[in-house]
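Just below is one structure, and these are the notes that go with it.
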Amino acid sequence: MSTIKTTANHAEMASGVNESALNELFIDELKDIYWAEKHLTTALPKMAKAATSEQLRSAIQNHLAETENHVSRLERAFESIGEKVVAKKCEAMAGLIKEGDEIVADTKTGSITRDAGIISAGQKIEHYEIASYGTLKTLAGVLGYDEAAELLEATLQEEKNADIKLTEVAENSINQSASKEKK
Ligand SMILES: [Fe+2]
């Protein structure tokens, strides 16, 4: 029974058509993260500008350059599976970005507490992306989209590194300095 199914799946892949519901879910999630990444390319410069410390600003700017590459990797992933490049509003990322804006609005310009808040918002964003790319990479593998799986894995690693970098910035300097800051 399973042999028959496998053969059918291979036949579908060979003809370039995959009509499974899982394939539809995968493409839908790809559109969602594409929207999220595109919006991050406009949100990250604002976060970098709002940051107080040079260390945090440069960490965000480095990740902005990576994020631009994440957008183009996703475009290549769409193309590799013969799908049109389409963005679909990601309500979760829209909310996370809004939360970051609110933290900036609620903290003083030039304060280190603001940096602690930006790191908090930035790590929530990274964790959303890590979860998304982890799922997408796995689904790409299951669906036989090897090229897309490789592209998604490359971005997943960069998201994990960005998260680690933010933890380092927080623990090396920001948190200690912020804890001494008055309201
Ligand atoms: Fe990203």
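Observations on the model:
- Scan of segment 127-140 for residues that are away from the ligand (no atom under 11 Å from the Cβ) and open to solvent by 40 Å² or more (accessible area, probe 1.4 Å), ordered by number: His127, Ala131, Thr135, Lys137, Thr138
- In this structure, Ser120 qualifies as of a type in the set (S, T, N, Q) and either open to solvent by less than 50 Å² (accessible area, probe 1.4 Å) or within 30 Å of Asn18 (Cβ to Cβ) (or both).
- Scan of segment 142-167 for residues that are of a type in the set (Ser, Thr, Tyr) and within 14 Å of the chain's Cα centre (by Cα), ordered by number: Thr155
- Of the helices (runs of 4 or more DSSP H) lying entirely inside segment 16-126, those containing at least 1 residues that are within 14 Å of the ligand (Cβ to nearest atom), touching a residue at least 40 places away in the same chain (Cβ under 8 Å) and among the aromatic types (Phe, Trp, Tyr) span 21-50.
- Count of residues meeting criterion [away from the ligand (no atom under 12 Å from the Cβ) and open to solvent by less than 10 Å² (accessible area, probe 1.4 Å)] in segment 144-153: 1
A quick yes/no check of all residues on (1) open to solvent by less than 50 Å² (accessible area, probe 1.4 Å); (2) among the small types (Gly, Ala, Ser); (3) more than 17 Å from the chain's Cα centre (by Cα):
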{"position": "Trp35", "(1), (2), (3)": "yes, no, no"}
{"position": "Lys38", "(1), (2), (3)": "no, no, no"}
{"position": "Leu44", "(1), (2), (3)": "yes, no, no"}
{"position": "Met47", "(1), (2), (3)": "yes, no, no"}
{"position": "Asn62", "(1), (2), (3)": "no, no, no"}
{"position": "Ser80", "(1), (2), (3)": "yes, yes, yes"}
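- The residue of segment 154-183 that is farthest from the ligand (Cβ to nearest atom), among those that are modelled with pLDDT of 95 or more and open to solvent by 60 Å² or more (accessible area, probe 1.4 Å), is Glu171.
- Of Arg73, Arg57, all but one fail to be open to solvent by 40 Å² or more (accessible area, probe 1.4 Å), under 24 Å from Ile164 (Cα atoms) and touching a helix residue (DSSP H, G or I) at 6+ places or on another chain (Cβ under 6 Å); the exception is Arg57.
The values are calculated or read from the model by the stated rules, or taken from the named source; none is laboratory data. Everything numeric here is computed off the predicted structure, so don't read it as measured data. Heads up, the Cβs are rebuilt from the backbone with ideal geometry, glycines too, and the neighbour counts pull from every protein chain shown. In case anyone asks, the SASA skips ligands and DNA or RNA and just uses the protein heavy atoms, side chains included. Shrake-Rupley method; radii C 1.70, N 1.55, O 1.52, S 1.80 Å.
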